[in-house]
1. In the stretch 292-329, how many are among the acidic types (Asp, Glu), over 17 Å from residue 261 (Cα atoms) and surrounded by fewer than 24 Cβ atoms within 10 Å (Cβ to Cβ)?
2. Restricting to the stretch 89-117, give me the number of residues that are closer than 19 Å to residue 157 by Cβ and aromatic (Phe, Trp, Tyr).
3. Count, please, the residues in the stretch 26-69 that happen to be open to solvent by 80 Å² or more (accessible area, probe 1.4 Å) and closer than 24 Å to residue 15 by Cα.
4. I'd like the full set of residues that are among the basic types (Lys, Arg) and in contact (Cβ under 8 Å) with a residue 12 or more places away in the chain, limited to the stretch 354-402.
5. Return the total of residues in the stretch 387-422 being part of a loop (DSSP other than H, G, I, E, B) and out of contact with any Cys (no Cβ under 8 Å at 6 or more places or on another chain).
6. Can you tell me which residues in the stretch 270-289 are free of Cβ contacts under 8 Å to residues at least 60 places away in the same chain and assigned to a loop (DSSP other than H, G, I, E, B)?
7. Has the stretch 95-115 got at least one residue that is surrounded by 14 or more Cβ atoms within 10 Å (Cβ to Cβ), among the small types (Gly, Ala, Ser), assigned to a loop (DSSP other than H, G, I, E, B) and modelled with pLDDT of 95 or more?
8. Within the stretch 423-477, count every residue that is part of a strand (DSSP E or B), among the hydroxyl-bearing types (Ser, Thr, Tyr) and within 17 Å of residue 389 (Cβ to Cβ).
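The values are calculated or read from the model by the stated rules, or taken from the named source; none is laboratory data. From a predicted model like this one, the values you see are computed outputs, not experimental measurements. As a convention, Cβ positions derive from the backbone with ideal geometry for all residues, glycine included, and neighbour counts pool all protein chains shown. SASA here: full protein model, heavy atoms, side chains in, ligands and nucleic acids out. Shrake-Rupley method; radii C 1.70, N 1.55, O 1.52, S 1.80 Å.
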Amino acid sequence: MTPEEPNDLTDRRSPYSMSPAEFRRLGHLLVDQTADLLESIPDGRVTVKETPGETRSVLGEGPQPEIGEDPEKILLEAVSLLKDHSTFNGHPKFWGYITASPAPIGILGDLLASAANPNLGGWMLSPAASAIELQTVRWIGELISFPSTCGGLLVSGGNVANILALMSARVAALGQEVRASGLGSRRCAVYASSSTHTWIQKAADLAGLGTDSLRMIDCDECERMDFDHLVEVLNRDLAEGVEPIAIVATSGTVSTGAIDPIRKIHALCEQHGIWLHIDGAYGAPAASLPEADPDLQAISMADSVALDPHKWLYSPLEAGCLLVKDQQSLLDAFSYRPPYYPKAENDEKKVDFFEIGIQNSRGFRALKVWMSLRQAGKAGSVESIRQDISLSKVMADLLAVESEIEVVSQRLSIVCFRFKPNGYIGTEEDLDTLNRAIIDEMYQEGEAYVSHAVINGRFYLRACIVNINTTLADVQVLPGIVCRLGR
């Protein structure tokens, strides 16, 4: 600022600013546009029929505008872009990857969270928001019968939740010195089934263990971890002086929804003093059902559980959650307090989230989850999950009625199947190619969306229902679509 311009900033209006009246007008406009979008989704395409190049060409290759543009114009263009060029996981026939339809109250929760904009790194920056996150973590734990004294935090998704769990298990197994000195010459191992999601490789890499530390245990024909093989591999490692870090069990594999023999694995962990982690990113919320598989309900025995509210608790992205039986394990793994951080206080009610995870600045992910859990109540959460499972079973039954469709599995809310023409005498490889083509054509048509699974080396179509908008009428059309495209 020069002496000739002493008052330039007195009534500053940033190019990013907006008056309360303008915000109110545009906010009402956006809510109306969003409501129209949500109303239109069920009658539209699930997918967009265009190439990546075509989608990018809509935006063009130009630089950032030199002169700012009208906010109303920007909002309306953004709505149009998303409406015409998106894949909608809120569509009632979206049964592809495990991403839930967003609960409407969660959409509003994201708006409110952005408006308050608390930084959930430290309590002093976000007292109300931090309290809400702590309560959300406890409610999620109680939903799956985890101890109400559990600790944890909200993260971006299952990958990060699982990675934080493995890093906590590393410190629990090897002590604080591993944080300062690394592994050195120590030989360590992590045990998981060959069906475990690829987060396990990322976690071993990031935790300094290396992917060679992974012991990928065989699975049975149902994709469940082979317990006898686990015992064999563990005993061999122990005899050779290898230090076990953790055993990872899966409650709801990505491909088929299979559940590992968690009760046996827990007993083995207790016998040897090994950390038991459950990757429940998809399936853990189903442990809330009284009729759930006993091995699924046994996740309450674990030292840590990862699950995704943006999967089977219907939260808008992003919302993952890590639960740990003992909050101290997170402090042991992640706490650092340099002098420029607030001084630690001796208050058991206060949590600084920067001490129990890898982020310092953190957004208010918990609000949308907290609001959704309050709206549904525990009984509503259980009922919605039960409805998804029931619809999945109906889907499997309807598909199995068709003589040209082979259903290979139905677990939790996942159905795996393939089209196989009557009297088919070709090769399995050609059948794989045919079913790949069915998926490709289904994407192009946009009426429904399924993904795929490779089971015992063969290619199957895969439908997963974690969708509050799916009804019986939606499920009933899938066999006809598959048969028409297959023929």
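1. As a first pass, look at the stretch 292-329 and keep what is among the acidic types (Asp, Glu): 293, 295, 303, 308, 318, 326.
Subsequent filtering for residues that are over 17 Å from residue 261 (Cα atoms) retains 308, 318, 326.
Adding the requirement that they be surrounded by fewer than 24 Cβ atoms within 10 Å (Cβ to Cβ) leaves 318, 326.
Number satisfying all stated conditions: 2.
2. Within the stretch 89-117, residues that are closer than 19 Å to residue 157 by Cβ and aromatic (Phe, Trp, Tyr) number 2.
3. 8
4. Quick first cut of the stretch 354-402, residues among the basic types (Lys, Arg) only: 362, 365, 368, 374, 378, 386, 393.
Answer for the stretch 354-402, where residues must be among the basic types (Lys, Arg) and in contact (Cβ under 8 Å) with a residue 12 or more places away in the chain: 362, 365, 368, 378, 386, 393.
5. 5
6. Filtering the stretch 270-289 for residues free of Cβ contacts under 8 Å to residues at least 60 places away in the same chain gives 270-273, 276, 278.
Answer for the stretch 270-289, where residues must be free of Cβ contacts under 8 Å to residues at least 60 places away in the same chain and assigned to a loop (DSSP other than H, G, I, E, B): just 273.
7. At the first step, the residues of the stretch 95-115 found to be surrounded by 14 or more Cβ atoms within 10 Å (Cβ to Cβ) are 95-111, 113.
Checking the rest, the ones that are also among the small types (Gly, Ala, Ser) come to 96, 100-101, 103, 106, 109, 113.
If we keep only those that are assigned to a loop (DSSP other than H, G, I, E, B) too, we end up with 96, 100-101, 103.
Right, trim to modelled with pLDDT of 95 or more and you get 103.
Looking for residues that are surrounded by 14 or more Cβ atoms within 10 Å (Cβ to Cβ), among the small types (Gly, Ala, Ser), assigned to a loop (DSSP other than H, G, I, E, B) and modelled with pLDDT of 95 or more, one finds at least one in the stretch 95-115, hence yes.
8. Step one: of the stretch 423-477, the residues part of a strand (DSSP E or B) are 449-455, 458-464.
Then keep just the ones that are among the hydroxyl-bearing types (Ser, Thr, Tyr); that gives 449, 451, 460.
The next check asks that each one be within 17 Å of residue 389 (Cβ to Cβ); those that pass are none.
So the count comes out to 0.
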